[in-house]
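What follows is a set of notes on a single structure, which appears directly below.
The values are calculated or read from the model by the stated rules, or taken from the named source; none is laboratory data. Here the structure is a predicted model, which is why all the values come from computation and not from measurement. Glycine gets a Cβ as well: all are built from the backbone with ideal geometry, and neighbour counts include every protein chain shown.
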């Protein structure tokens, strides 16, 4: 609740706590006097509320996807980007941004939707290809899928680099800002598709918590316990592709949330996925809101891309995990 209130109240124009509360109650349809609340209600309803909800949804779905990938690879250092979904989304966005500029620019009414659609389709397409490359004789080889994901990520990075080289200055700025991730410009139109996907992921993954716990013991042990391992792998990959694709389509590339949050939750609560999944959902949303606050306030009135903030948080934590593992 503290993270939500701070996200609603703080920004280039700070709102008093009481005004934030009253404006929020009015937005919920409660009979609260509007005296002196016109500006607060406008800022809250049109800018900060959709941004806060978007941050919660993005953080939650990235964290849940991180849990799914760490369970699939049985490695606490696994990241949702390992299956190539982020790289595919970046290529899709680059095609939309640079291709749109080549053809005279995208119509303002369709630009946000076309960009999100291309990013989402790119992420799903690359993930499907990685999954297909990892299949052989009716079995999914996790190691092969991991290597295919690394290769596709490198190929996607090269493609984005090529588009960046071919873009003009204005288009390059747009592409660079998108690749760094941001919740700026959040709207209800961008929010609803992500909320639908995030709700589906948040409902489905906890239902597979026991199967994920069994998978921690190894694939053969999970089969002996009655888990359909191939189906579980397929569902985890699809769930990750859907969730990360939707998050990246809505907010751009935001790294380390899917790595840091699940691992931190495991350190505090243990490896049981019946606890890790709901705790990661909450912690992912909260961490994203605090990262967004830092992005808004550190260089106010300018705004940092949120991907920079999460990288500054996540990279040292990743190094800490490596050093801890060596110890």
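Taking the options 241, 246, name whichever one is part of a helix (DSSP H, G or I), in contact (Cβ under 8 Å) with a residue 24 or more places away in the chain and closer than 30 Å to residue 11 by Cβ.
Result of the check over 241, 246: 246.
What are the residues in the range 267-282 that are under 20 Å from the mean Cα position of the chain (by Cα) and either free of Cβ contacts under 8 Å to residues at least 60 places away in the same chain or buried (at least 23 other Cβ atoms within 10 Å of the Cβ) (or both), if any?
Of everything in the range 267-282, those that are under 20 Å from the mean Cα position of the chain (by Cα) and either free of Cβ contacts under 8 Å to residues at least 60 places away in the same chain or buried (at least 23 other Cβ atoms within 10 Å of the Cβ) (or both) turn out to be 273, 276, 277, 279, 280, 281.
Please state which one of 321, 304, 287 is within 15 Å of the chain's Cα centre (by Cα) and at pLDDT below 95.
Residue meeting the stated conditions: 287.
Take the residues in the range 283-306 that are in contact (Cβ under 8 Å) with a residue 40 or more places away in the chain and not in a helix (DSSP H, G or I); name whichever of them is nearest to residue 195 (Cα to Cα).
Looking at residues that are in contact (Cβ under 8 Å) with a residue 40 or more places away in the chain and not in a helix (DSSP H, G or I), I get 305.
Being at pLDDT below 90 and under 11 Å from the mean Cα position of the chain (by Cα) narrows it down to one of 185, 218, 243, 252, so name that one.
Residue meeting the stated conditions: 252.
Checking the conditions here, which among 211, 170, 143 is assigned to a helix (DSSP H, G or I), farther than 30 Å from residue 305 by Cα, at pLDDT below 90 and over 17 Å from the mean Cα position of the chain (by Cα)?
143
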